[in-house]
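The values are calculated or read from the model by the stated rules, or taken from the named source; none is laboratory data. Here the structure is a predicted model, which means the values were calculated and not measured. FYI the Cβ positions are ideal-geometry reconstructions off the backbone, even for glycines, and counts take in every protein chain you see. Ligands, DNA and RNA are excluded from the accessible area calculation, which covers all protein heavy atoms including side chains. Shrake-Rupley method; radii C 1.70, N 1.55, O 1.52, S 1.80 Å.
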Amino acid sequence: MISKFKQQLQPLIGIIAHPFLSWNPSVLTLLSLSSALVFFLGAIFHIYWLSIVSILGFLFDAIDGYVARKTGKVTKFGGFLDSTTDRIADALLMSAFGYAGLVSWTIVVPLIVTSLLISYIRARGEFAFLLQKSAAEGLMQRTERIIILYVLFLAFVSTNSTGVLFWGILVITILNCFTILQRLLFFARQSE
């Protein structure tokens, strides 16, 4: 959903990225991963203000690719590093809720599995069908999941109610399952 507006958001991303154009894009990628680690540590040690501040680090994830394209530093390794650190960051973010004891692992594990499966299906499908374009199909792409999880965390901090986390994570997991089906159908059509 949000990813469909990526082109319209480019001017805003350009403004945010401007001070970082002299940076190596891979450094920005690693900073994004570091912010996920800070979120994880803040959550599990119940230092919630630290987790809230770390949310700003998500901006590094939004601008690393922009900086790489703008400065002519797009590399295959950079794309590989970005995808790899995204999966690690996702696992840190989602598992923080379980490790912190904010919600049961019985709700966190399906969230992690379905989220990682969405990314896996895309990567494996693009490779299997040798697609030259992105196959980022489906309702719950990474950006949507991350933003919703951050909003849920902020709602939890402001209300001190774990119920909002439980129901929010359950809804994301259900939508993840729907997205998995959407991606499987997309690649099924590619094989026709």
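Comparison of SER134, SER83, SER119, SER158 shows that the only residue that is open to solvent by less than 30 Å² (accessible area, probe 1.4 Å) and either hydroxyl-bearing (Ser, Thr, Tyr) or outside any helix (DSSP H, G or I) (or both) is SER119.
State yes or no: is VAL108 in contact with a Gly (Cβ under 7 Å, 6 or more places away or on another chain) and part of a helix (DSSP H, G or I)?
On the way: in contact with a Gly (Cβ under 7 Å, 6 or more places away or on another chain): yes; part of a helix (DSSP H, G or I): yes.
Here the answer is yes, as VAL108 does meet what is asked.
Scanning region 161-173 for residues that are under 17 Å from THR114 (Cβ atoms) and open to solvent by 20 Å² or more (accessible area, probe 1.4 Å) yields PHE166, TRP167, LEU170, VAL171. List every residue pair whose Cβ atoms lie under 7 Å apart, where the two residues are 6 or more positions apart in sequence or sit on different chains, the first residue falls within region 160-178 and is in contact (Cβ under 8 Å) with a residue 24 or more places away in the chain, and the second residue, located anywhere, is hydroxyl-bearing (Ser, Thr, Tyr) and surrounded by 15 or more Cβ atoms within 10 Å (Cβ to Cβ). From residues that are in contact (Cβ under 8 Å) with a residue 24 or more places away in the chain, the pairs are THR173/THR114; ASN176/THR114; ASN176/SER115; CYS177/THR114.
Which residue, of ILE174, ILE146, is in contact with an Asp or Glu (Cβ under 9 Å, 6 or more places away or on another chain) and among the hydrophobic types (A, V, I, L, M, F, W, C)?
Details: ILE174 fails: in contact with an Asp or Glu (Cβ under 9 Å, 6 or more places away or on another chain).
Just a single option satisfies the conditions, and that option is ILE146.
Does region 9-23 contain any residue that is closer than 22 Å to ASP90 by Cα, assigned to a helix (DSSP H, G or I) and open to solvent by 40 Å² or more (accessible area, probe 1.4 Å)? Checking region 9-23: not a single residue is closer than 22 Å to ASP90 by Cα, assigned to a helix (DSSP H, G or I) and open to solvent by 40 Å² or more (accessible area, probe 1.4 Å). So for region 25-37 (the condition being modelled with pLDDT of 95 or more, more than 20 Å from GLY78 (Cβ to Cβ) and either of a type in the set (Phe, Trp, Tyr) or open to solvent by less than 30 Å² (accessible area, probe 1.4 Å) (or both)), does at least one residue qualify? No, the conditions are met nowhere in region 25-37.
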